[in-house]
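Take a look at the structure below.
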Amino acid sequence: MAFLEEVLEPGVEKKRDTTGATLAGFRTAESLVPDKTAEDMIIPGVEDVVDESTSGHKPHGSDPVSDQTMILNMGPQHPSTHGVLRLVIEVDGETIISLAPDIGYLHTGIEKTCEAKFYAQVTPLTDRIDYLCPMTNNTAYALAVEKLLGIEVPERAQILRVLFNELTRIQSHLVWLGTHAMDIGALTVFLYCFREREDLMRIFEAVSGQRMMTSYVRIGGLALEPPADLYATIRKFLKNFPEKIAEYEGLLNNNPIWISRLKGVGHLSPEDAIALGVTGPPLRASGVDFDVRRDMPYSSYEKFTFAVPVSNGCDVWARYIVRMEEMRESTKICLQALDMLASMPEGRIVADAPKIILPDREQMKTQMESLIHHFKIVTEGFAVPAGEVTSSVEAPHGMMNYYVVSDGTAKPYRVHMRNADFATLQALETMCKGKLIADVVAIIGSIDIVLGAIDR
Amino acid sequence: MPDPITNPATPEAYFGKEAVTAALADHAAIQGLAALITDAKWDRNELTLTVASDTIVAACEAAKTSGYNFLEDVTAVDWFPTEPRFQISYSILSLSLKQRIRLVARLAEGETIASITSVWPAANFYEREVFDLFGVPFTGHPRLTRIMMPDNWEGHPLRKDYPVEGYR
C-alpha cells in the first residue's frame with residue numbers, strides 16, 4: 001500500500017527532465033510487471049497476443065487448470081471501449097497477460113476524400129474526425145491552409161477562435177468525465193455533465209447553426225458573426241461553471257469506490273509516455289510539462305495567462321485531476337477572451353482576401369466584383385501555393401497536427417491528421433499489463449479516446 | 001542560440017542544403033544531422049531535411065541525440081507518376097527546444113525502408129498505417145500488418161492511382 005500513498009498529492013508539481021529520456025528497453029523498472037505477464041513485445045499486434053497465448057503459456061483446456069490462460073475479445077461493440085475499439089486480451093484468471101488493440105472499424109477514408117475536394121470543402125470533413133471537438137479540428141486545418149496561403153487572420157477572429165476552442169475543450173472534458181464515471185459505476189455524474197454540455201451545445205448552435213458538426217472556423221477566419229446576446233450567455237455559463245466543477249468533485253473525490261478504482265491504476269512513466277508518443281492530459285499526468293498552447297502558441301494564445309496543470313501521479317487518478325484542473329483553466333481563458341472582445345472595436349472576422357474567402361450575402365447580391373469572386377470560388381476553388389506545412393494545436397485529447405501538402409492546385413494533394421488518440425492507444429498495453437480486466441475499463445476511460453479520430 | 005522559429009532574421013525561405021546550412025548554422029538539427037542530409041528546405045518557418053532512405057535509422061538516432069526526443073508522426077505522400085514515387089515524412093518534436101523538424105526520405109515502388117521502431121516505439125502504428133494505405137514495406141517492424149483496412153483487402157487506398165470512388 002506504500003505505493004498507493006505516494007501516488008499523488010494534487011498540487012505538488014515537480015518539474016521532470018524531459019530531455020534525453022531513457023529509452024533503453026523502452027520500459028522503466030517501475031512499469032515492468034514481474035512473473036505472470038507475457039514478455040515485453042512493445043505494442044503487440046492481435047496475432048502476437050494469440051501466438052503468445054499458445055506458445056509461452058498453457059492454453060485453455062490444458063492441465064493443470066491453474067496454469068491455463070484464455071483469449072478474451074472485448075469489443076468492438078462494447079459500451080466501455082468508447083466506440084468501436086476491439087481489444088484482444090490474454091487473461092490468466094482476471095489478470096492481463098498481454099493485450100492488443102484492433103482498430104479500423106470506423107475507417108472512412110477521410111484523408112482520401114480530402115484529396116478530391118476543394119480546400120474549403122474539406123472543413124466539414126474535419127468536423128467528423130474527432131467529433132467531440134469540431135472547433136479544434138477546424139482550427140488546426142484552417143491554420144495549416146492559412147500558413148500555405150500566407151494570409152493573416154484578424155485579431156478579433158483569433159480571439160474568437162481561442163474562445164470557442166476552450167469552450168470545446170470544456171465540452172469534450174465533460175463528455176469524458178461523464179462516460180468515465182459511468183464506466184466506473186457513478187451514473188449521476190454523467191447526468192450532471194450532460195446538463196452543462198447541453199448549455200454549451202446551445203451556444204454552439206447559436207453561433208454556427210449546428211450543435212456538433214459546427215464547421216465554424218473557416219480558412220481565413222470564421223463563418224459568421226456571433227449573435228449579439230451570445231457573449232452574455234457565455235459569460236453566464238462561465239460564471240456558474242466553477243461551482244459545477246466543484247459539484248462533480250463533490251460527487252467523486254471522496255467516493256471510496258472512485259478512489260480505489262483510480263489510484264495506482266494504469267501507471268505510465270514519463271519515459272514510456274514520450275517513447276510511445278503520448279500527448280495531452282495523459283502526458284502531463286505523467287509529469288511531462290508540455291502544452292502546445294503555452295510552448296508553441298498559435299492563434300494568439302500567447303496573449304492569455306493560464307496555468308498548465310501537471311501531475312506526477314502517472315496513474316488514472318492523476319489524469320482525472322489534470323483534466324478537472326484544465327476545465328478550470330479553460331474557464332479562465334474564456335473569460336479573458338470575452339474581456340478582450342469587449343474592449344475591442346467591432347471589425348472583420350475574416351482575412352482581407354476576396355479571392356479566397358466567400359463575400360457576404362449582401363455584397364454578393366449588390367456588387368459585380370463580389371459576385372464574380374463568389375462564382376469563381378464556388379466553381380473553381382482557389383489555388384494554394386505549392387508547399388508542405390504542419391499545423392499543431394492542443395486539442396482536448398492531446399496534440400493535433402494537420403499535415404497539408406499542396407501542389408499548387410485548388411485541391412489539397414495530401415491531408416494527414418495526426419490525432420493524439422491514435423498514439424495514446426499504443427500506450428494501452430503498457431498501462432494494462434499485469435492489472436485486472438476491470439482496470440482496462442478505467443484506463444480506457446482515462447486516456448479519453450474517440451475512435452473517429454483514430455480510424456479517420 | 002537564436003530560435004529560428006521566432007527569430008525575425010530568418011523569415012524567408014531557403015532551398016538546398018548549402019543555403020539552409022549557411023542560414024541556419026545554429027539550428028540544433030542542422031548541426032546534429034549535417035553528415036546525413038542530402039537536401040534541405042526552410043519554408044514557412046518549417047525545416048524539412050531530406051535524407052537517403054537507407055540512412056533513416058541513423059538520421060533518427062542523430063535527431064534524438066540533438067534533442068528532438070518526441071516522434072509525432074510518420075506519414076507518406078504519393079508523388080505518382082514522379083519517380084521516386086513515395087515520400088515518407090517523419091515529424092519530430094523537441095519538447096525542450098519547442099521546435100519540430102520534418103525528416104523526409106524518398107523511395108521508389110518496390111523499395112523498402114527500415115523501420116524506426118527501434119528508435120521510437122511510437123512509430124509502430126504509424127508505420128503500419130503507411131504500409132496499409134500506401135503499400136510501403138518497413139523492414140524490421142515487429143508485426144507489419146494492415147491496421148485500417150481488412151486483412152484481405154486488395155490495393156492501397158491512399159495511392160494516387162487508386163480511385164476515390166467506384167467499385168474495385
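What to note about this one:
- Annotation for segment A:145-161: no member residue is closer than 20 Å to A:T424 by Cα and in contact (Cβ under 8 Å) with a residue 40 or more places away in the chain.
- Residue selected from segment A:206-229 under the condition within 21 Å of the chain's Cα centre (by Cα) and outside any loop (DSSP other than H, G, I, E, B), by the criterion nearest to A:P359 (Cα to Cα): A:R218
- Residues located in segment B:104-150, provided they are touching a strand residue (DSSP E or B) at 6+ places or on another chain (Cβ under 6 Å), touching a residue at least 60 places away in the same chain (Cβ under 8 Å) and farther than 17 Å from B:F80 by Cα: B:I113, B:A114, B:W120
- Residue check: A:V308 meets all listed conditions (1) farther than 30 Å from A:A228 by Cα; (2) modelled with pLDDT of 90 or more; (3) in contact with a His (Cβ under 7 Å, 6 or more places away or on another chain) but one, namely (3).
- Note on segment A:77-89: residues that are at pLDDT 85 or above and either in contact with a His (Cβ under 8 Å, 6 or more places away or on another chain) or within 19 Å of A:G445 (Cβ to Cβ) (or both) total 5.
- Options A:F194, A:F164: the member that is within 30 Å of A:L148 (Cα to Cα) and of a type in the set (F, W, Y): A:F164
- The helices (runs of 4 or more DSSP H) found entirely in segment A:264-376 that carry 1 or more residues being touching a residue at least 40 places away in the same chain (Cβ under 8 Å) and surrounded by 17 or more Cβ atoms within 10 Å (Cβ to Cβ) are A:270-275, A:281-284, A:292-295, A:316-342.
- Any chance A:L148 is more than 30 Å from A:T188 (Cα to Cα), under 22 Å from the mean Cα position of the chain (by Cα) and assigned to a helix (DSSP H, G or I): no
- A:E166 satisfies every condition listed in (1) assigned to a helix (DSSP H, G or I); (2) within 14 Å of chain B (Cβ to nearest Cβ) except (2).
- Just one of the listed residues (A:A423, A:A453, A:A442, A:A438) is under 15 Å from the mean Cα position of the chain (by Cα), more than 9 Å from chain B (Cβ to nearest Cβ), in a helix (DSSP H, G or I) and touching a residue at least 60 places away in the same chain (Cβ under 8 Å), namely A:A453.
- Filter result for A:T179 (crowded, with 21+ Cβ neighbours inside 10 Å, of a type outside the set (G, A, S) and either in contact with a strand residue (DSSP E or B) (Cβ under 8 Å, 6 or more places away or on another chain) or touching a residue at least 40 places away in the same chain (Cβ under 8 Å) (or both)): no
- In the condition set (1) within 15 Å of A:Y216 (Cβ to Cβ); (2) out of contact with any strand residue (DSSP E or B) (no Cβ under 6 Å at 6 or more places or on another chain); (3) surrounded by 23 or more Cβ atoms within 10 Å (Cβ to Cβ); (4) among the hydroxyl-bearing types (S, T, Y), A:T136 is compliant with all but (2).
Conditions (1) in contact with a helix residue (DSSP H, G or I) (Cβ under 6 Å, 6 or more places away or on another chain); (2) closer than 29 Å to A:C114 by Cβ, marked per residue:
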residue: B:G67; (1), (2): yes, no
residue: B:V77; (1), (2): no, yes
residue: B:P81; (1), (2): no, yes
residue: B:I92; (1), (2): yes, yes
residue: B:R102; (1), (2): no, yes
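- In the condition set (1) touching an Asp or Glu at 6+ places or on another chain (Cβ under 8 Å); (2) in contact (Cβ under 8 Å) with a residue 24 or more places away in the chain; (3) not polar (S, T, N, Q), A:A386 is compliant with all but (2).
- So A:E388, is it of a type outside the set (V, I, T), away from chain B (no Cβ under 11 Å), part of a strand (DSSP E or B) and surrounded by 21 or more Cβ atoms within 10 Å (Cβ to Cβ): no
- Listed by position, the strands (runs of 3 or more DSSP E) contained in segment B:15-120 that have at least 1 residues being within 12 Å of chain A (Cβ to nearest Cβ), under 28 Å from A:V288 (Cα atoms) and of a type outside the set (A, V, I, L, M) are B:46-51, B:70-78, B:86-94, B:99-107.
- Qualifying residue in segment A:233-256 (condition: in contact with a Leu (Cβ under 6 Å, 6 or more places away or on another chain), assigned to a loop (DSSP other than H, G, I, E, B) and surrounded by fewer than 23 Cβ atoms within 10 Å (Cβ to Cβ)): no
- Considering only residues in segment B:123-168 that are surrounded by fewer than 18 Cβ atoms within 10 Å (Cβ to Cβ) and among the polar types (S, T, N, Q), the one that is nearest to the other protein chains (Cβ to nearest Cβ) turns out to be B:T145.
For every residue, the table says whether it meets (1) at pLDDT 90 or above; (2) aliphatic (A, V, I, L, M); (3) out of contact with any helix residue (DSSP H, G or I) (no Cβ under 6 Å at 6 or more places or on another chain).
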{"site": "A:I357", "(1), (2), (3)": "no, yes, yes"}
{"site": "A:R361", "(1), (2), (3)": "no, no, yes"}
{"site": "A:M431", "(1), (2), (3)": "no, yes, no"}
{"site": "A:G452", "(1), (2), (3)": "no, no, yes"}
{"site": "A:R456", "(1), (2), (3)": "no, no, no"}
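- If only residues of segment A:400-420 that are in contact (Cβ under 8 Å) with a residue 40 or more places away in the chain and of a type in the set (K, R) are counted, the one that is farthest from the other protein chains (Cβ to nearest Cβ) is A:K411.
- Positions within segment A:84-103 being surrounded by fewer than 22 Cβ atoms within 10 Å (Cβ to Cβ), within 14 Å of chain B (Cβ to nearest Cβ) and in contact (Cβ under 8 Å) with a residue 40 or more places away in the chain, in sequence order: A:V84, A:D102
- Taking segment A:200-247 as the range and being under 16 Å from A:S172 (Cβ atoms), charged (D, E, K, R) and touching a residue at least 24 places away in the same chain (Cβ under 8 Å) as the test, only A:K244 passes.
The values are calculated or read from the model by the stated rules, or taken from the named source; none is laboratory data. Only a predicted model underlies this, so the values are computations on that prediction, with no experimental measurement involved. Positions of Cβ are generated from backbone atoms using ideal geometry, with glycine treated the same way; all protein chains shown enter the neighbour counts.
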